[in-house]
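Take a look at the structure below.
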Amino acid sequence: VYAIADGDGVCLVDGGWAVDGAIDQLAESLATIGQSLRSVTRVLVTHMHLDHYTLAVALRRSHGTPIVLGEGERASVDALIADERPQHERDLRAWGVVQPPARAGFPPHEGRYEPPDVWLDGPTDVTLADRVLHAIPTPGHTTGHLVFADVAGGMLFSGDHVLPHITPSIGLQNVRSPYPLEEYLASLRLMLDLPDLAVLPAHGPVGHSLHERSRQLLAHHEQRLVECAASVGAGASTAFETAEAMRWTRRGHHLSELDGLAQTLAVGETAAHLEVLARRGELDRAEVDGVVRYTVASVVAATPVL
């Protein structure tokens, strides 16, 4: 959570997770800079995941603090409020998962979701007392993810879009985009059109080069696309089988070594990579009995024109 001076108060970027003790931790942290929960003017939330949104809701319930969120998150927030079954649970069959792992989904949200006060639709300038933040849609990690660029200050509040040491999960939310990796790669390229700002991420240390890290993330996913294609070439046909053939985290874990949620993240992200390969024409895609299967694209020789 970042606090930005806004007149006599502060604007927050992200709210945090409404777990036990979190609101007290936030109050104590604000007190170290001479602020309080009551002096928060609004919360700009990068995306709808529990660890970014739910403490903002708790703060609004206790102090009326306005919440701002990207329009692309509306369908997922509505689904959470209605307590609908998360889409990834419905997608597991299509991904080829026969036996879902234990605790395959997000932790319970227990009524912690409400709509924001403001939905930001498209690039929008957010004016604070002494600076302007440019809210930029960056779909991929979630459909409505936003980053907030302080170009004059040389900073980007990147949420989970650009992280310094890890890659964000792709497309795991209650209403998933059909092509989340394609969107994420486009959102990363968009970062290269900005000045080379210092990254202030939601997880990890601040100060990395936006351009350098964006290029690293683009290269990482291109490598994963190569690995996915090779796995299909070696006989894998579903997202689950492909994920099983690959290695995960910097420690090179097998899929079975991950916890249930991480396995779901891995298979869902693999599915996103396979969809990109299919749209690029490198793989053929077919749905058989509700399961999406991939094969190496057949090469049709061109007929010479006489």
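Data overview
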item: Computed over the stretch 227-296: relative contact order in percent, which uses C-alpha pairs under 8 Å that are six or more apart; result: 37 percent
item: Computed FRET value (nearest 0.05) for Asp284 with Arg93, which takes r as the C-beta separation and R₀ as 22 Å; result: 0.65
item: Fraction of beta bridges assigned by DSSP in the chain that are antiparallel (%, nearest 5); result: 65 percent
item: Karplus-derived HN-Hα couplings along the stretch 180-186 (A = 6.51, B = -1.76, C = 1.60, θ = phi - 60°), whole Hz, x at Gly and Pro; result: x, 5, 4, 5, 5, 4, 5
item: Dipole in debye (nearest 20) - the stretch 227-296, about Cα centre, beta carbon charges: Lys, Arg +1; Asp, Glu -1; result: 240 debye
item: Theoretical FRET efficiency, 1/(1+(r/R0)^6), r = Cβ-Cβ of Arg250 and Ile33, R0 45 Å, to 0.05; result: 0.85
item: Extreme residue, positive dipole direction of the stretch 227-296, given options Gly235, Gly260, Val276 (C-beta unit charges); result: Val276
item: Accessible area per residue, Å², the chain with all protein chains present, probe 1.4 Å; result: 46 Å²
item: Percent of beta bridges antiparallel (DSSP, the stretch 1-132, rounded to nearest 5); result: 40 percent
item: The chain: relative contact order as a whole-number percent, Cα under 8 Å and 6+ apart; result: 15 percent
item: Label selected from [x] 1.04; [y] 1.15; [z] 1.01, the criterion being Rg/Rh (Cα atoms, Kirkwood Rh) as computed here; result: [z]
item: Accessible area of the chain belonging to carbon and sulfur atoms, whole % at 1.4 Å probe; result: 53 percent
item: Gain on full stretching of the segment that runs from Arg189 to Val206 - 0.36 nm per residue minus C-alpha separation; result: 4.1 nm
item: Debye, to nearest 20: dipole size of the chain, +1 on Lys, Arg Cβ, -1 on Asp, Glu Cβ; result: 420 debye
item: Relative contact order, percent, the stretch 175-216 [alpha-carbon distance under 8 Å, six or more residues apart]; result: 34 percent
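The values are calculated or read from the model by the stated rules, or taken from the named source; none is laboratory data. As the structure is a prediction and not an experimental result, all values here were calculated from the model. Because the Cβ atoms are built from the backbone with ideal geometry, glycine has one as well, and the counts that use them run over all protein chains shown. Please note that ligands, DNA and RNA were not included when accessible areas were found on the heavy atoms of the full protein model with its side chains. Shrake-Rupley method; radii C 1.70, N 1.55, O 1.52, S 1.80 Å.
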